[in-house]
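The values are calculated or read from the model by the stated rules, or taken from the named source; none is laboratory data. Remember, predicted model here, so these are calculated numbers, not experimental data. All Cβ positions, glycine included, derive from the backbone under ideal geometry; neighbour counts span all protein chains shown. Surface accessibility is based on the protein's heavy atoms, side chains included, excluding ligands, DNA and RNA. Shrake-Rupley method; radii C 1.70, N 1.55, O 1.52, S 1.80 Å.
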Amino acid sequence: MVFTSHMDQALVEARAAAERGEVPVGAVIVAPDGRVVAAAGNRTREWKDPTAHAEIVALRAACAASGSDRLPGHDLYVTLEPCAMCAAALAAARIRRIYYGASDPKSGGVAHGARVFSHPQAHHCPEVYDGFREAEAAALLRDFFASKRV
């Protein structure tokens, strides 16, 4: 099987989130056969739900589609390093791999901050790959927040 990145679609979801006034983060979940089973962007403001991060919205859709609370063999592509909440949910869902774009030194929960997967209490530790389309993902975030400060 040839590796295919789905970060393009995650970036599309992030741009759509920005257009809705949301922090531009996009996520895509891919089944073991390579099919995209869920794609989402942040919806915290729109839904007035602090848990409606792109990863959580995509997880809910993927679990609903599969009829299970576990997604073994599934991969996540996300434009920003998952926060601690999202990392814990991804572990609970047994996501196989996480590919993320921009690092998040302030609120990240994978390589920064809580480092959820490095704790002995972590039920599952997915493979994690960072830096996918990092410059584009970081630029989306930087431009979004710069526009809010004007």
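What to note about this one:
- Summed over the stretch 25-42, residues that are open to solvent by 40 Å² or more (accessible area, probe 1.4 Å) and closer than 19 Å to residue 87 by Cβ total 0.
- Comparison of 67, 131 shows that the only residue that is on the phi > 0 side of the Ramachandran plot and in contact with a Phe, Trp or Tyr (Cβ under 9 Å, 6 or more places away or on another chain) is 131.
- The residues in the stretch 36-76 that are touching a strand residue (DSSP E or B) at 6+ places or on another chain (Cβ under 7 Å) and among the acidic types (Asp, Glu) can be counted, and the count is 2.
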